[in-house]
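Here the structure comes first, spelled out in structure tokens, and everything after it is commentary.
Here, each number is a calculation from the coordinates, and none is a lab measurement. Keep in mind that this is a model prediction, so the values were computed, not measured. Because the Cβ atoms are built from the backbone with ideal geometry, glycine has one as well, and the counts that use them run over all protein chains shown.
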Amino acid sequence: MKPPAFFQHASALVESTRIGAGTRIWAFAHVLAGARIGKDCNLGDHTFIEGDAVLGHRVTLKNGVAVWGGVHLADDVFVGPNAVFTNDLLPRSPRFSRVAERYSDPKNWRVPTRVLRGASIGANATIKCGVTIGKFALIGAGSVVTHDVPDHGLVLGVPARAAGWVCECGRRLELDDASRASCRPCALHYQARGGRLRQIP
Amino acid sequence: MKPPAFFQHASALVESTRIGAGTRIWAFAHVLAGARIGKDCNLGDHTFIEGDAVLGHRVTLKNGVAVWGGVHLADDVFVGPNAVFTNDLLPRSPRFSRVAERYSDPKNWRVPTRVLRGASIGANATIKCGVTIGKFALIGAGSVVTHDVPDHGLVLGVPARAAGWVCECGRRLELDDASRASCRPCALHYQARGGRLRQIP
Amino acid sequence: MKPPAFFQHASALVESTRIGAGTRIWAFAHVLAGARIGKDCNLGDHTFIEGDAVLGHRVTLKNGVAVWGGVHLADDVFVGPNAVFTNDLLPRSPRFSRVAERYSDPKNWRVPTRVLRGASIGANATIKCGVTIGKFALIGAGSVVTHDVPDHGLVLGVPARAAGWVCECGRRLELDDASRASCRPCALHYQARGGRLRQIP
């Protein structure tokens, strides 16, 4: 039998069989059975991936991040240290008699979260479940995200509010009078319209 | 000798002998000697329970939660991932010469925190010590609680402010003109008066 | 060969050889090669110290704190549970093709943070990289620090704002009409001028 093509620290616990080549899983991390993880990911110390969580390729999780069932992180997503996902809008202790029935089936309580390609979630940010974080968005450190974030959106604060736009590379974009912006180092051009930012030739 | 009636993951460290039947303690968790934990609790990965901490029955701690000495969590309490308790209002490194004497006795610096029955603390919330969180209260994800929270109170933000009321089940309650509210699925009725909410027949 | 003069819990991973006498490293902690740690420090469970991180003497890290390369904590610093440092202002997943070159050398992206002698960082606070936190400053629990904090400064909120001054011991100082303050228990006297607080005889 071939050895797995991913790296696992001696102290990590890996119970999933669906982990891509080149992925590295560091100390005291725990990947549950059923979790799907792409290629060339990097899961820092003390991370946790629940069954039914999905990570694309080249995802980076810094230390202390837990990815719950129902959370989907697309390719190239970055999650800063101790950033927190959720998957329940009305959390109660599941063995409390009044809610035990609700918790008998994840369909009754689990709310999904999607983080699209290339987005970054800053250190210690909190992501309320049910939101979609757009492609290449950037969530400021310590922010609490309660609403969807558009592609390339920069959001900051508690609750997180729109604070600008960023390039694929993460640099801030300054809109000109025609609501256009360029990132010189990347040679990428953008047009803002109707609360959205799109790449233009 | 009977084996303990609680479950302990092979990687968990459990040094307390006062743990109730049916409780589950997951990977890389650490329960210190002297901690008291009730029945049917669930302590997620990377949790930590200090001596002099008390957990009632059916308490749920999600990953990365530390419960310090002086923190009391009543029955059916839920604590979201990476939510943080404290027990010192003037924290300094205890071996700094100017404060070493203060830290020689917990009576000089330790401040208790109480979370009452059925309350939920959202993901990544921070609880300043000295507060009491009322029965069935709900602390929003990412909030910083600096004052007492009444029974059934919903609080949000930094610092956390009153944002409404919730039923035992966690659903929001809408007060009518007589300051009454009902939760249909639970068939429970409430009356608000003087900043408090009480159950009525 | 002499045994090391520091304490290491059986489950801790210590790869650095530069750790001072009397330092204690607790369960599931991980100290990478190259990290420098002074004497009589206390590193709680689930802490992580990266290579190129520097800790002075008598530093206390509560549980779940990660200290990244580029972060410098001076003597007597306190870091509360789950408080978070950062070292990148434009975080992206380093294996994303558009930014892979930037991440090929830490000089391109790593931004230092300095926490000066005796300062305290409250529980679950977030420290944006690039800032200096002054001597004996106190960062409130759950705050997000985005700017430098002066010596003895108390800051609170998201983003953190000046909220007063504290003594070396952590107690709040009340300025009189001449912008002077004294801490009776410590017999220390201070003068505020130009946004700074200095000790006076």
| request: Please build a GNM for chain B, connecting alpha carbons under 10 Å apart, and tell me which residue among B:F78, B:F48, B:F96 fluctuates the most. | output: B:F96
| For the stretch B:103-138 and the stretch C:1-58, distance of Cα centres in Å | 30 Å
| query | Looking only at A:G140, A:G118, A:G22, which one moves most when chain A is put into a Gaussian network model with springs between Cα atoms under 10 Å? | reply | A:G22
| query | Considering only the stretch B:7-171, what is the antiparallel percent among its DSSP beta bridges, to the nearest 5? | reply | 10 percent
| query | What nm distances, shortest first, do you get from the label point of B:E174 to those in the other copies when the point sits 7 angstrom along Cα to Cβ? | reply | 4.8, 4.8
| note | The exposure ranking of B:R92, B:R114, C:R184, fewest beta-carbon neighbours within 10 Å first, is C:R184, B:R114, B:R92
| query | Across chain B, how many lysine pairs, 8 or more apart or on two chains, come within less than 23 Å at their alpha-carbon atoms? | reply | 6
| task | Please list the equivalent ellipsoid semi-axes of the stretch C:7-171, computed as the square roots of five times the alpha-carbon gyration tensor eigenvalues, in descending order and whole angstrom. | result | 24, 22, 13
| field | Cα centre as origin, Lys/Arg/Asp/Glu Cβ charges: the stretch C:1-82 dipole, Debye | value | 220 debye
| query | GNM on chain B, C-alpha springs below 10 Å: top fluctuator among B:S11, B:S182, B:S104? | reply | B:S104
| request: Summarise the long-distance tail of P(r) for the protein assembly as shown by giving the % of C-alpha pairs beyond 38 Å. | output: 30 percent
